[in-house]
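Notes follow the structure.
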Amino acid sequence: MSLLRLCVYSAGLTRSFAVDRSVRRFLNGDYCRLCLRLRSNVERQIQDKSWATIYQRHYSAIPKKEDGKKRFWEQSQLLDGMVFFFISNIIDHTASSGYGGGNNTTVRLKLQIHVIVKYNHISSGPHRCLQQMEMDGLSVDDVFRQCVFKKDEREMVLRAVQLVQPEYQPNVSRDQHVCSLPLVEQFYAEREGATYPKLDFSLKELRDRFSLQLAMEKPVTENMAKMRELLATRRKHWEKALLHALKEKKRILSSKSQKSWSTCIYPYLCILDDQDYVNIMLQSLDKQSPSGESLLIMAEEMGNRVYNLYSIPQKSHSQMIEKLGSIYNSYAELLANDIETNGMLLRDYWASLEMERYSGPSLLSDDTPWPMVLMVQLGSLLVDLMVHELKIWSNILNPAQDKKLIPILYHMYTFCSNHKIGFIKPHPIVTQIQRVAMETKLTFDSYVMPMLCPSVPWTSPKSGAYLLTPTKLMRSTDGAIQHQLLLEKSRDEDLHAVLDSLNQVGNCPWKINKPLLYIIISIFNDKGSDKLCIPPPLSEAPEIPRFNPHDPSYTQAEKAYMKREGVKAKKKVAEMHSLRMDALYKLSIANHMRDEIFWFPHNMDFRGRTYRRPPYFNHLGSDVTRGLLLFAEGRPLGPKGLDWLKIHLVNLTGLKKRSSLAGRLEYAESIMEDILDSADRPLDGRKWWMNADEPWQALACCMEIANASRSPDHTKFISYFPVHQDGSCNGLQHYAALGRDVIGATSVNLMPCELPQDVYSGVAQQVEEFRARDAEKGLKIAQVLEGFISRKVVKQTVMTVVYGVTRYGGRLQIEKRLKEIDDFPKEYIWDASHYLVKQVFSSLKEMFTGTREIQEWLTESAKLIAMSGKTVEWVTPLGLPIVQPYHRIKNQTLKGSMQNLSIHISHDANEKPDSMKQKNAFPPNFIHCLDSTNMMLTSLHCYRAGLTFVSVHDCYWTHAVTVDTMNRVCREQFVALHSQPILEELSGFLLKKYCSRPPGWYYTFIKKRKKERKFTFKN
């Protein structure tokens, strides 16, 4: 039962239990093997309990077999009853600490289910359980609404309840509440008769794609066999050594005493086949950087892989996959272009299908997530095996050397920001073999790959995205549970708009731009290109200086210089390897998916900003990644589509920022020869595209323009190319709208203007005016800066000042830009950056008078809240509850055989907030929330209008033919958002939540306490 899985895990967290080698796979089918062992351990402890005699009485009433032995399964059920009482305190502790998979009510319901099912053969069992539930204020309907069932558990519970209440049937409401938030009330009220776009796939194609994705997520033996074939040659003896060492380690752990720190790890070494652990270790070896990897990071990654390999098969054991397949096959009818269906939102349709198939196992999983502490412990043990067991002959590359076995991995220490960190570094012999071998295959887990079918729509904070792989709706750090608790407390209908928006952006199919992919791969294989952001291989890395520090021929100055150069060279090698591997991962995934149609499942961060779940390859990535992606569904360009492609190309070059759309189109027409030459001869022509700000996206756009312009009728040309519309410093747009700041709104294109405004150029121009004035007064640094103040120098600081960047941070940003200018005198960089950041802040203060006032109010509010010992919370205009996850971090030390590991864990429900972070982060996080709200509103209305729409935060993508429609919808929703009393509602929410006294009381209090220098804030 689910209860037993929960009880074992909780016990493993809170204490160590003595288990021996007889413990086999402890989560197998219906039985919790470790619980069976725990029963024998605690049997003696419960003999004196008063409740034990009750169950012994029931036990004696069970008829015996002819041989006088009681049935084993009946013994198991009675012992389960004893364990049930014994572990109830552990369950309560787990629930309160956030690891129990739900609140105390849910846990109590699980306990009641356990007893109902286990004692349904005893006449008084279900009756007593129902009486107890009534005393606890729980109804039987709560059991069926809130609990997760596996296999036939739902039917078993219903059968047991009907022994007491024969006429009982679960009362599960099929009515779906409608979201009534002001911003989207009309959108949901007009659902009747609405139509939504279908995907360009038949029903059969979608069902086939579901089968492909399901096969990819399920760990099948065929994939394992392929992996073993890959490892068979060079790694066969490593595999054998690790298998033997793992079995020996398990034997030792099973016989250790309870006091050992690693005793509780033993069950987690039994949940997979030994070969699975070995594959994880060997795959980790393949990904090793020549410069090494942090032991903590390596251990956490390996532990996480064990968890994912374990959690997915559990769903197949619960018979959930069959039900998922049935629901998805019907869900595909809504998306397929060859099936007529009623116009329903994705979430509504999936929820209705779940209700129709109410019986059987739940699609939700009640598996408790493993905490970081556990995964690091488990991963650290596997790393320890690798370090001690993996060896290679020292003369494998040079037979003239002495032949001896040496480790291929070394445990060493290094310093990072004055902290001593344990590192695992491969032997240079292994690094050389891997570099020369140039293996052509990489192995990725299914959860880092795009999906081969449309993702499961989000219907609740616990259900959505991948078919089997567990996915959080809201990303959070390990140990943080406040976000999840807030989401679970929210009314379902209040989250509908957020969930529907995530479903819409995740429902967009993609494909690879194959002509561009082949060009990028050719450059990647030909030593790369720094100019085009294709990292070169390590063979192009600088030579690391070698010298003998004890050689008397070197002076102390020369030794110091050589040492510094050596450190720089090693750092450069490490950076080059990291960038090269990142590019290799992205290009490998793109090459693997080049003939596929795929989808990116989405979730969000605590501010509501949407992100793609696949981490390596997605359209949030670099210029290279974005250039490789095309919409899988094409649309005719129409009369204005080609013009939008040309305007988009000019935008990608970074030129004509202050020109009108007509001016940009005119410029594009004037360079058509360069555009066509770039498309036809990208590597041996004029190479005009290489000078663009985004060269790979520019080249892809050149190819699309060339194909469209050469077609018989460009208006009928089917284009798959995504056209972007980027916000004009989006953060300042929201501040200007909140403060009704006319001057600031004009500079960020919120007011009608003949020409598009560029706030970065405007700030640079004003700073130049300040510089010229100071230069006339004889200020030296102002004179030095003549001719060096540009849009690029001030852009990053202007962009981030609304997100809380300080003058110190702004100075560092400007300093970095000045260092990139070859002609700027290096000796003036510090003075120049200090001068410029002051002028940038002064310029923004003049242009955006209301921005600073709003920022100061938000900052002061957060400061008072944090001083009261609370975290800052608010609710977005779309009903998404937000809590800032900044708390004091506690270090937890894990003992290990190689070294002790210090882990930073955020127990946000129990720790005091970090006052400084709470204060400084509130203004930028609040603006990020407004930004995400505007995106979600735009996505919903674009979906209603039949548009393809995706976003990269404040940059919106669609087909060229629908750019005008998307722009109109975006403007309408921005106006609708800022027509709401946003600041007034925020103020009211904060006063209601944090102030138990009249709103003006604390001003008098502050004034009085400041005099005493003992200021505190109490709510």
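Take the range 868-963 with all the other protein chains still there, run a 1.4 Å probe, and you get 32 Å² of accessible area per residue.
Ranked by the mean number of other Cβ atoms within 10 Å per residue, highest first, peptides 887-894, 284-291, 509-516, 951-958 order as 951-958, 509-516, 284-291, 887-894.
Annotation for the range 590-644: chymotrypsin sites (Phe, Trp or Tyr not before Pro) lying in DSSP loop with at most 11 further Cβ atoms inside 10 Å of their Cβ do not exist. Evaluated over the Cα positions of the range 635-719, the convex hull gives a direction-averaged projected area, one quarter of its surface, of 5.1 nm². Once the Cα-Cα distance is subtracted from the 0.36 nm per residue extended length, the Asp273 to Thr893 segment shows a gain of 220.3 nm. Pairs over the 22 Å Cα-Cα cut-off, from the set Lys462/Lys489; Lys462/Lys890; Lys420/Lys819; Lys646/Lys687: Lys462/Lys890; Lys420/Lys819.
Using DSSP to define loop residues, name the chymotrypsin sites (Phe, Trp or Tyr not before Pro) in the range 742-845 whose beta-carbon has at most 15 other beta-carbon atoms within 10 Å. Answer by residue number: Tyr803. Among the trypsin sites (Lys or Arg not before Pro) in the range 327-408, those located in a DSSP loop and surrounded by at most 16 other Cβ atoms within 10 Å of their own Cβ are Arg357, Lys403, Lys404.
A P(r) calculated from all alpha carbon pairs of the range 510-599, with 10 Å bins opening at zero, reads 15, 32, 22, 15, 10, 5, 1 percent. Against the empirical 2.2 N^0.38 Å (N residues), the range 467-554 has a Cα radius of gyration ratio of 2.13. For the range 723-860, the relative contact order comes to 28 percent (Cα pairs under 8 Å, sequence separation of at least 6). Centre-to-centre, using Cα atoms only, the range 155-204 and the range 712-737 are separated by 36 Å. Comparing Leu812, Gly787, Ala775 along the charge dipole axis of the range 742-847, the residue lying farthest to the positive side is Leu812, per the Cβ-charge model. Straight-line cross-link reach from Lys236 at under 17 Å between alpha-carbon atoms covers these aspartates and glutamates, not counting any fewer than eight positions away in the same chain: Asp274, Asp276, Asp286, Glu389, Glu439. In a simple Cβ point-charge model (Lys, Arg +1; Asp, Glu -1; nothing else charged), the range 742-847 has a dipole of about 380 debye relative to its Cα centre. Each part reduced to its alpha carbon centroid, the range 485-511 and the range 915-993 end up 14 Å apart. As a length-normalised measure over Cα pairs under 8 Å and 6 or more apart, the relative contact order of the range 291-381 settles at 56 percent. A crude spin-label estimate for the pair Gln432 and Ser394, with each label 7 Å from Cα along the Cβ direction, gives 1.4 nm. Full extension of the chain segment joining Ser842 with Tyr554 gains 98.5 nm, where the gain is 0.36 nm per residue of separation less the Cα-Cα distance.
Taking 7 Å steps out from each Cα toward its Cβ at Arg159 and Phe989 produces label points 4.9 nm apart.
Rolling a 1.4 Å probe over the heavy atoms of the protein chains gives the range 706-788 an accessible area of 49 Å² per residue. For the range 510-599, the number of Lys pairs separated by eight or more positions or lying on different chains, with C-alpha atoms closer than 17 Å, is 9.
The values are calculated or read from the model by the stated rules, or taken from the named source; none is laboratory data. Model, not experiment: these values are computed from the prediction. Glycine also receives a Cβ, built like all others from the backbone with ideal geometry; neighbour counts cover every protein chain displayed. These area figures cover heavy atoms from the full protein model, side chains too; ligands, DNA and RNA do not enter into them. Shrake-Rupley method; radii C 1.70, N 1.55, O 1.52, S 1.80 Å.
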